[in-house]
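K.L.:
One structure follows; several queries about it will come next.
The values are calculated or read from the model by the stated rules, or taken from the named source; none is laboratory data. Predicted model, so just to flag it, every value in this text is computed and none were measured. All Cβ positions, even for glycine, are placed from backbone atoms using ideal geometry, and neighbour counts span all protein chains on display.
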Amino acid sequence: MQIQSVTFDTYVETHKGHELASIRAWGEACPLEPPYYVEVGCNRGRFLAGTARLMPSVSVIGIELRREWAEIAERRVAREAPGNAAALHADATLALPLLFADGGIARLYMLFPDPWWKKKHSKRRLIQPGLLQLFAAKIPTGGLLIIKTDVEPYYVASREVFEEQTQFRLLEPGDPAWPADEPGWPHTTREAHIVEEGLPVYRLYAVRTAVAAEPHVDERREPERFPKRHDLTTDPDTGGDPG
């Protein structure tokens, strides 16, 4: 991979230099080439490995913040994928700018992100204006952003974020840009449980528009506490996809 020349703000450069160096070293050693499909929050790699088998002509890269899960994903990819996948332990907000040129990610997946139920934790929710701007920089016009969740309030709140920007257009079933390969997509462990229980999966499929990336504006919206569900087993640490 070709490492991008990026300078982060002073805090990141000062306090996260080791993480940045680790990401750069990983990218320099990674032999995968475009086109890239990226899964942000690849958990234990089940979807990552399955997608690599389904799409052998694509390089599939997973980025996972939790080291123990990233290591499990690495082992699963080595065991189950046909050589076109890799998993990285990193913060995606640092890894995406360093590893991928603008417009360099053909498709980006975010599957069952942690909803961070409590109001005081809302700033940790991934679907925020700033992160969408980062995604918009890395996904080319016509590229896809794929998000799934089983938490309806999270879906509603995320949809509102999309409706307030112009860099992605939300798709509805039947839209010509709707991914034709969707029926063959592997399920994460969580999605398999949801489907088995007959519960709904909420989808946000968005196509990158031709509008230029907007400058980052850190707009803080009034956070919402989501009513927590107890009808499905969740990961004891995060409440997210158990793998």
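K.L.:
Given the conditions (1) charged (D, E, K, R); (2) surrounded by fewer than 18 Cβ atoms within 10 Å (Cβ to Cβ); (3) modelled with pLDDT under 95; (4) farther than 24 Å from GLY130 by Cα, and given that ARG44 satisfies all but one, which numbered condition is not satisfied?
P.N.:
Single failed check for ARG44: (2).
K.L.:
Return the pair list, or none, for Cβ contacts closer than 6 Å from residues in the stretch 103-115 that are touching a residue at least 60 places away in the same chain (Cβ under 8 Å) and within 21 Å of GLU182 (Cα to Cα) to residues that are in a loop (DSSP other than H, G, I, E, B) and of a type in the set (S, T, N, Q), at least 6 apart or on different chains.
P.N.:
Pairs that qualify, where the first residue is touching a residue at least 60 places away in the same chain (Cβ under 8 Å) and within 21 Å of GLU182 (Cα to Cα) and the partner is in a loop (DSSP other than H, G, I, E, B) and of a type in the set (S, T, N, Q), are LEU111/THR188.
K.L.:
Additional query: Within the stretch 4-29, track down each residue that is of a type outside the set (Asp, Glu) and surrounded by 15 or more Cβ atoms within 10 Å (Cβ to Cβ).
P.N.:
Residues satisfying the conditions are GLN4, PHE8, VAL12, LYS16, LEU20, SER22, ILE23, ARG24, TRP26, GLY27.
K.L.:
Exactly one of (1) touching a Phe, Trp or Tyr at 6+ places or on another chain (Cβ under 8 Å); (2) surrounded by fewer than 23 Cβ atoms within 10 Å (Cβ to Cβ) is unmet by PRO82. Its number?
P.N.:
Only one criterion in (1) touching a Phe, Trp or Tyr at 6+ places or on another chain (Cβ under 8 Å); (2) surrounded by fewer than 23 Cβ atoms within 10 Å (Cβ to Cβ) is unmet by PRO82, namely (1).
K.L.:
In addition: Hey, among the residues in the stretch 176-196 that are in a loop (DSSP other than H, G, I, E, B) and in contact (Cβ under 8 Å) with a residue 24 or more places away in the chain, which one's surrounded by the most Cβ atoms within 10 Å (Cβ to Cβ)?
P.N.:
Here is the first cut: in the stretch 176-196, the ones in a loop (DSSP other than H, G, I, E, B) are 176-181, 185-188.
With the extra rule that they be in contact (Cβ under 8 Å) with a residue 24 or more places away in the chain, the set shrinks to 177-179, 181, 185-188.
On the way: ALA177: 14, TRP178: 13, PRO179: 14, ASP181: 10, TRP185: 18, PRO186: 15, HIS187: 17, THR188: 27.
Residue satisfying both the conditions and the ranking: THR188.
K.L.:
Quick test of your reading of the structure: LEU32 fulfils all but one of (1) touching a Gly at 6+ places or on another chain (Cβ under 7 Å); (2) of a type in the set (A, V, I, L, M); (3) under 20 Å from GLU71 (Cα atoms); (4) assigned to a loop (DSSP other than H, G, I, E, B). Name the failing condition by number.
P.N.:
Unmet for LEU32, out of (1) touching a Gly at 6+ places or on another chain (Cβ under 7 Å); (2) of a type in the set (A, V, I, L, M); (3) under 20 Å from GLU71 (Cα atoms); (4) assigned to a loop (DSSP other than H, G, I, E, B): (1).
K.L.:
Oh, and also: Hey, can you tell me all the residues within the stretch 126-181 that are β-branched (Val, Ile, Thr) and under 14 Å from the mean Cα position of the chain (by Cα)?
P.N.:
Step one: list which residues in the stretch 126-181 are β-branched (Val, Ile, Thr), which gives 127, 139, 141, 146-147, 149, 151, 156, 161, 166.
Selection gives ILE127, ILE139, ILE146, ILE147, THR149.
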